[in-house]
1. Return yes when Ile60 is under 13 Å from the mean Cα position of the chain (by Cα), of a type in the set (Val, Ile, Thr) and surrounded by 14 or more Cβ atoms within 10 Å (Cβ to Cβ) and no when it is not.
2. From the list Asn72, Asn52, pick out the single residue that is free of Cβ contacts under 8 Å to residues at least 40 places away in the same chain and either surrounded by fewer than 16 Cβ atoms within 10 Å (Cβ to Cβ) or small (Gly, Ala, Ser) (or both).
3. Can you tell me which residue among Ala28, Ala24 is surrounded by 11 or more Cβ atoms within 10 Å (Cβ to Cβ), among the small types (Gly, Ala, Ser) and either farther than 16 Å from Thr78 by Cβ or touching a Lys or Arg at 6+ places or on another chain (Cβ under 8 Å) (or both)?
Amino acid sequence: MSCNLDHVLYGKQNSTDKDKEYDAFQFARKYKNEIPEFLSFISKSDFSVIGNYKESWEYIKQELHSLQRHTNLGLCFTE
């Protein structure tokens with residue numbers, strides 16, 4: 001993930017514990033029965049880093065990408 005889970009999933013930074021709990025609950029409600037939609041969200045969004053595992057980490061480590069909104073978590077779900 002980028003600097004934190006909230007940043008990638010919700011586009012937020014420095015959330016309070018209360019906001020984190022609320023957002024996590026809403027996220028779970030949204031995707032609990034929508035696995036294909038979750039997979040698309042985590043793999044095909046503008047923050048998704050594609051490529052192979054090594055390439056994706058190389059990209060995330062370049063410049064300030066690790067502080068921006070990026071994740072390679074979608075690679076876990078590719079065939």
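Values quoted throughout were computed directly from the atomic coordinates according to the rules given, and no laboratory measurement underlies them. Small disclaimer: the values here were computed from a predicted structure and weren't measured. Neighbour counts are summed over all protein chains in view; Cβ atoms, including those assigned to glycine, are modelled from backbone coordinates with ideal geometry.
1. When the stated conditions are applied, Ile60 passes them.
2. Residue meeting the stated conditions: Asn52.
3. Of the residues listed, the single one that is surrounded by 11 or more Cβ atoms within 10 Å (Cβ to Cβ), among the small types (Gly, Ala, Ser) and either farther than 16 Å from Thr78 by Cβ or touching a Lys or Arg at 6+ places or on another chain (Cβ under 8 Å) (or both) is Ala24.
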